[in-house]
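Let me begin by presenting the structure, written as structure tokens, before commenting on it.
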Amino acid sequence: MGKSKKSVQVVILLAIVLIGIYAVATVVFGSDGVPKEGERAPDYQLLGMDGEVHTMSQYDGKARVINFWGTYCPPCVREMPALQAQWEKWRSQGVEIIGINVGENNMTVENFVAKTGVEFPILRDPKREAVKTFGVGPMPTTFFVTASGKINHIRIGELDLSTLDKQIEQLVNAK
């Protein structure tokens with residue numbers, strides 16, 4: 001009976017040590033690899049509707065609003081006019097609005113862009129690689145990235161014109 005009790009205590013102690021190691025590793029190395037506010041935005045390489053490959057680093061020195069969207073997402077479609085209006089308002093002040101379409105074919109995206117008159121850069125993520133890198137779940141999801149490349153704010157859900165304007169103003173004023 002004494003030997004059995006000692007074995008149980010060793011197993012419990014070992015479990016506690018392993019849980020402790022896991023907890024420390026999670027804090028030190030990050031829990032899920034998903035970027036968070038205050039961290040540097042991850043890089044990507046995506047083909048744009050302009051036929052060019054776009055990367056995060058090509059926008060260094062500019063504030064960025066990165067919006068993950070799809071035509072199958074009604075809130076995504078509803079917020080497109082607000083994104084277009086803000087792109088027109090803020091682009092002269094060094095703000096880039098970048099739409100990343102998630103998982104759709106080129107024809108669907110081209111037809112949508114032509115129909116809505118969106119002029120800001122639209123990139124395609126057909127294999128959802130950027131979605132994984134950014135840890136995007138529900139859509140729309142929008143990342144507000146400072147000119148220095150840090151994530152200032154992450155917004156999950158539809159943005160209206162007023163909220164978008166306030167977020168961009170904060171982004172422009174962020175250091």
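If Lys and Arg each add +1 and Asp and Glu each add -1, what is the summed charge of the other residues whose beta carbon sits under 13 Å from the beta carbon of Leu83? Working shown, then result.
Details: positive: Arg64, Arg78, Lys89, Arg91, Arg155; negative: Glu79, Glu88, Glu96, Glu119, Glu158, Asp160, Asp165.
Surrounding charge for Leu83 is -2.
For the residue pairs Lys89/Lys115; Lys89/Lys127; Lys36/Lys62; Lys62/Lys132; Lys89/Lys150, alpha carbon separations beyond 26 Å are given by Lys89/Lys127.
As an exercise, use a Förster radius of 30 Å and the Cβ-Cβ distance of Lys150 and Ala114 to find the FRET efficiency, rounded to the nearest 0.05.
0.30
Helical runs assigned H by DSSP (4 residues or longer) give the chain a calculated mean residue ellipticity at 222 nm of -14000 deg cm²/dmol, each run adding -39500 (n - 2.57) before division by the residue total. The angle between the Cα long axis of helix 2-29 and the main principal axis of the chain comes to about 20°, on a 0 to 90 degree scale. If the segment from Glu52 to Val8 were pulled out straight at 0.36 nm per residue, it would be longer than the present Cα-Cα gap by 9.7 nm. Between the labelled values [x] 52, 47, 34; [y] 44, 41, 32; [z] 78, 37, 29, the entry that holds Cα extents along the principal axes in Å as derived from this structure is [z].
Read the figures in this text as sums done on the coordinates, not as results from a lab. Here the structure is a predicted model, which means the values were calculated and not measured. Here the Cβ is made from the backbone with ideal geometry for all residues, glycine too, and neighbour counts use every protein chain on show.
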